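Values in this text are rule-based calculations from the coordinates and carry no lab data. None of the values given here were measured: they were computed from a predicted structure. Heads up, the Cβs are rebuilt from the backbone with ideal geometry, glycines too, and the neighbour counts pull from every protein chain shown.
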Amino acid sequence: MSEEIKGYLDMELLRFTTAGSVDDGKSTLIGRLLYDSKTLFQDQIENVKKISKQRGEDLNLALLMDGLKAEREQGITIDVAYRYFATPVRKFIIADTPGHPQYTRNMVTGASTANLAVILVDARNGVVEQTHRHIFIASLLQIPHFIICINKMDLVNFKEETYNQIKNEIKDFVSKLDIKDVYFIPISALLGDNVVDGSDNMPWYKGSTLKYLLENIHIGSDENLIDCRFPIQYVIRPRDDKYHDYRGYAGKIASGIFKPGDKIKILPSGFTSTIKTIEGMSKIKEAFAPMSVVMQIEDDYDIGRGDMIVREDNVPIISQDVDLMLCWMNKKKLHEGNKYIVKHTTKETKCIVKKIKYKLNINTLHRIEGATEIGLNDIGRIKIRTAQPLFYDSYRDNRTTGCLILIDEQTNETVGAGMIKR
Amino acid sequence: MTHYNLTHLEKLESEAIYVMREVAAQFENPCLLFSGGKDSIVMGHISKKAFKPAKIPYPFLHIDTGHNFQETLDYRDKFLKKIGARLVVGSVQKSIDEGRVKEETGKHASRNTLQTITLLDTINEHKFDCAIGGGRRDEEKARAKERFFSHRNDFGQWDPKNQRPELWGLYNGRKHAGEHFRVFPLSNWTEMDIWQYILKEKIPIPKIYFSHKRKCIIRDGVILANSSYLNLDEKEKQNIKEMTVRCRTIGDMVCTGLTESKASTLEEIVKEVAQIRSSERGSRADDKRSETAMEDRKKEGYF
């Protein structure tokens with residue numbers, strides 16, 4: 001196999017989400033990344049050129065992001081759209097979420113699977129309420145890396161003072177939040193400055209371009225490899241002569257590293273055993289997050305979906321009382337005493353809302369005490385009690401065992417997204 | 001790659017396996033939509049991995065328009081035998097014979113839109129509560145907004161404005177009687193990923209994906225394989241010519257556009273895809289019908 005081909009088979013994957021207010025140039029930026037990385041096809045470009053011309057514009061890259069007919073008619077983005085591009089180093093998945101204030105739920109959805117957030121700020125307007133909201137939601141969802149793009153630098157004469165002023169203001173805000181890794185870049189998505197290539201217009205900026213950061217930010221440490229958690233998803237039982245007694249526990253490793261011979265504990269029963277084999281694509285010596293594997297254990301217990309395999313000496317919290325930050329995603333409001341289905345790892349059980357502790361004003365981050373309901377796009381702190389105990393970690397420690405969703409029993413809709421505090 | 005990092009293909013594979021196991025765990029009677037194209041072949045290959053050493057716990061459903069490349073049918077039977085999957089066929093011809101649908105007429109007649117009825121009828125007949133599909137979000141803008149677990153109402157329809165939010169890897173497959181789900185384990189794969197994976201896993205694929213000589217016609221800029229299923233006009237009849245082509249996608253013969261190509265190995269295909277300048281579905285006559293062809297068909301219950 002040639003080196004070129006081998007390179008294609010050995011790339012990293014980075015998922016990022018983009019957020020910006022209306023007209024911050026988000027579509028143009030993504031269009032620019034796709035266009036300059038040559039991900040776009042000639043027929044797609046021709047189509048956009050044609051429409052741009054009809055509208056009397058030059059090549060309008062934002063048109064590439066146009067989605068459904070329903071959206072074009074209303075001139076809005078109604079949902080999270082996923083885009084893909086690759087450079088020779090990495091493959092990227094973009095969760096593109098709309099900027100309207102009422103779409104908190106979409107941003108939360110896009111952020112839930114992202115390892116990096118690209119947040120756009122219009123250099124002319126500086127930090128606005130929505131900027132705070134975007135940064136806060138990304139931090140709430142524990143996205144490990146942030147890139148703040150100060151866009152439309154061309155419209156402020158590429159002035160360094162403007163950039164520094166916005167940067168310092170955001171730094172002040174970020175210091176109040178739980179954010180580890182932040183970068184700032186002055187860009188012009190329209191002209192391409194500091195997106196893929198550097199900028200002759202801003203010689204004062206010595207940092208990296210957006211593309212360079214996306215390709216090089218270290219993402220190898222984003223998975224939790226310390227706390228071993230293996231939620232059992234499915235039990236494989238062939239029931240034929242050859243594999244008469246075979247019982248394989250299939251699932252995706254949530255966190256940590258497992259090896260054959262490891263002493264394990266099974267929750268909720270508390271039984272202990274030893275890992276006999278782990279199979280992925282073939283028999284493997286070590287399995288780590290986020291691999292999908294099948295484990296066989298030494299003892300013959302009756303365990304199944306919803307149970308969790310952990311290490312004997314490192315167990316999660318086991319409790320029916322769960323305290324969480326909740327983003328509400330449905331028109332039907334949440335009240336104390338409401339009952340829902342809760343889905344956590346591979347476990348499904350019922351829960352009741354015991355208490356609404358407070359609601360959050362997500363623009364000012366002020367707590368609204370004494371709230372009696374949580375409505376669509378609200379974020380609040382609540383306490384639930386579950387019918388069966390959950391095995392969980394705080395969302396801050398573990399993005400897989402620390403999250404849950406609430407489902408309405410009547411409509412079956414997913415109505416809430418919860419990040420467990422403790 | 002460092003020791004505890006997965007490559008992009010390993011991550012995508014792990015995600016797809018996870019999704020298939022969720023289907024097996026959450027639904028009573030799922031099936032997998034199998035067309036004999038590369039995406040459904042990859043799904044078959046991954047299904048086998050997800051449940052071994054047990055059998056794949058769902059049958060493979062082929063919606064047969066009757067306008068197949070013979071190579072695809074031969075491949076289908078061989079491949080399903082190899083991975084030990086059970087085949088269910090839904091026949092468009094049967095839907096026509098039974099008067100459920102009316103064959104289109106004229107030069108551009110195709111059975112593409114008729115398939116939707118056959119598909120929904122077959123889902124009803126077998127009481128499938130979930131159909132796993134090979135749709136990828138990079139294919140088309142209506143697909144870019146699709147969920148992994150996509151809810152369909154009593155009529156099999158998709159409502160893009162009213163989809164369930166999908167967070168983390170927590171897939172909500174709860175439904176009322178009569179409703180069903182479409183699940184897309186390859187949502188995050190691109191055309192390039194599919195080819196890279198086929199190369200890496202050494203998966204055999206139908207010969208028509210490789211360069212070969214074939215009698216073709218060119219209609220509206222799309223190269224189509226000449227066959228008795230096409231209604232040719234006089235000018236087209238005079239312009240049948242032998243070309244060196246390969247398939248980038250495989251649908252039925254009437255709407256699968258071919259690409260002029262000399263790529264005769266998987267490595268050459270990967271290189272070609274890396275350089276190719278037109279989109280995969282750009283050659284599909286079924287997508288050329290209108291700007292929103294895919295969105296409209298999806299709402300009605302298409303694949």
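Numbers for the structure displayed
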{"item": "Under 5 Å, built H, 5+ apart or other chain: amide partners of B:Thr256", "result": "B:Gly251"}
{"item": "The protein assembly as shown: antiparallel DSSP beta bridges as a percent of all, rounded to 5", "result": "70"}
{"item": "Kirkwood Rh (inverse of mean 1/r, distinct Cα pairs), the range A:115-207, angstrom", "result": "13.4"}
{"item": "Cross-link pairs beyond the 19 Å C-alpha cut-off, checked among B:Lys78/B:Lys202; B:Lys81/B:Lys213; A:Lys53/A:Lys152; A:Lys6/B:Lys78", "result": "B:Lys81/B:Lys213; A:Lys53/A:Lys152; A:Lys6/B:Lys78"}
{"item": "Label point at A:Met1 placed 7 Å out along Cα→Cβ; residues across the range A:196-218 whose backbone nitrogen lies under 14 Å", "result": "none"}
{"item": "Listed peptides A:319-326, B:185-192, B:82-89 by packing density, highest first (mean Cβ within 10 Å)", "result": "B:185-192, A:319-326, B:82-89"}
{"item": "Neighbourhood charge, 10 Å Cβ-Cβ cut-off, centred on B:Asp39 and excluding it, Lys, Arg +1 and Asp, Glu -1", "result": "0"}
{"item": "Cα centroid separation, the range A:1-30 to the range A:305-372 (Å)", "result": "33"}
{"item": "For A:Ser208, residues with placed amide H under 5 Å, excluding near neighbours", "result": "none"}
{"item": "Cα-based helix-to-principal-axis angle, A:160-174 vs chain A, degrees rounded to 10", "result": "20"}
{"item": "Among A:His344, B:Asn5, B:Ala144 the positive-end extreme of the charge dipole of the protein assembly as shown (Cβ point charges)", "result": "A:His344"}
{"item": "Euclidean distance of C-alpha centroids, the range B:192-228 and the range B:104-171, integer Å", "result": "24"}
{"item": "Estimated dipole of the range B:205-283 in Debye, rounded to 20 [Cβ of Lys and Arg +1, of Asp and Glu -1, Cα centre]", "result": "160"}
{"item": "Signed unit charges on C-beta, dipole axis of chain A, positive-most listed residue A:Tyr35, A:Gly20, A:Gly375", "result": "A:Gly375"}
{"item": "Segment A:Glu286-A:Asn314, extension gain: residue separation times 0.36 nm, minus the distance between their alpha carbons", "result": "8.3 nm"}
{"item": "Computed over the range B:205-283: relative contact order in percent, which uses C-alpha pairs under 8 Å that are six or more apart", "result": "33"}
{"item": "A:Lys53-B:Lys202 pseudo-label distance in nm [points 7 Å out on the Cα-to-Cβ vector]", "result": "5.0"}
{"item": "Chain A: relative contact order in percent, alpha carbon pairs under 8 Å with at least 6 residues between", "result": "12"}
{"item": "Charge-dipole axis of the range B:205-283 as Lys and Arg at +1 and Asp and Glu at -1 on Cβ define it, positive-most pick from B:Ser211, B:Thr249, B:Ala274", "result": "B:Ser211"}
{"item": "Kirkwood Rh, angstrom, the range B:136-285 [1 / mean 1/r, Cα pairs]", "result": "17.9"}
{"item": "18 Å Cα-Cα threshold exceeded, pairs from A:Lys211/B:Lys141; A:Lys252/B:Lys52; A:Lys333/A:Lys383", "result": "A:Lys211/B:Lys141"}
{"item": "Cross-link reach list, aspartates and glutamates versus B:Lys49, counting only Cα pairs under 17 Å and skipping chain neighbours closer than eight places", "result": "A:Glu279, B:Glu10, B:Glu13, B:Glu15, B:Glu22, B:Asp39, B:Glu201"}
{"item": "Two-decimal ratio, the range B:205-283, of alpha-carbon radius of gyration to 2.2 N^0.38 Å", "result": "1.09"}
{"item": "Counting all C-alpha pairs of the range A:257-345, share separated by more than 22 Å (%)", "result": "43"}
{"item": "Dimensions (Å) - chain A, Cα atoms, principal axes, largest first", "result": "70, 65, 40"}
{"item": "Taking the C-alpha atoms of the range A:137-187, convex hull volume expressed per residue in Å³", "result": "69"}
{"item": "Debye, to nearest 20: dipole size of the protein assembly as shown, +1 on Lys, Arg Cβ, -1 on Asp, Glu Cβ", "result": "820"}
{"item": "Rg to Rh quotient for chain B, alpha carbon positions, Kirkwood Rh", "result": "0.95"}
{"item": "Förster-model FRET efficiency, 30 Å R0, A:Asn363 and A:His335, C-beta, rounded to 0.05", "result": "0.80"}
{"item": "Reach of B:Lys271 by Cα under 13 Å, taken over aspartates and glutamates that are not fewer than 8 positions away in the same chain", "result": "A:Glu3, A:Glu4, B:Glu191, B:Asp193"}
{"item": "Size-normalised alpha-carbon gyration radius of the range A:3-216, reference 2.2 N^0.38 Å", "result": "0.99"}
{"item": "Cross-link table A:Lys259/B:Lys11; A:Lys91/B:Lys82; A:Lys242/A:Lys343; A:Lys265/B:Lys48, entries beyond 25 Å C-alpha to C-alpha", "result": "A:Lys91/B:Lys82; A:Lys242/A:Lys343; A:Lys265/B:Lys48"}
{"item": "Expected-Rg normalisation [2.2 N^0.38 Å, Cα atoms] applied to the protein assembly as shown", "result": "0.96"}
{"item": "Placed amide H near A:Phe184: partners under 5 Å, 5+ positions off or other chain", "result": "A:Ile148"}
{"item": "Ratio Rg/Rh [Cα only; Rh per Kirkwood] for the range B:1-145", "result": "1.01"}
{"item": "Length added when fully stretched, B:Arg86-B:Asn239, from 0.36 nm per residue minus Cα-Cα", "result": "50.9 nm"}
{"item": "Shielding score for A:346-355, defined as the mean number of other chain Cβ atoms within 10 Å", "result": "1"}
{"item": "Total charge dipole magnitude, chain A, about the Cα centre, Cβ charges on Lys, Arg, Asp, Glu only, Debye to nearest 20", "result": "960"}
{"item": "Sorted largest first, extent of the range A:317-420 alpha carbons per principal axis (Å)", "result": "34, 33, 19"}
{"item": "Estimated FRET transfer efficiency when R0 is 25 angstrom, pair A:Phe271-B:Glu28 (beta carbons, to 0.05)", "result": "0.30"}
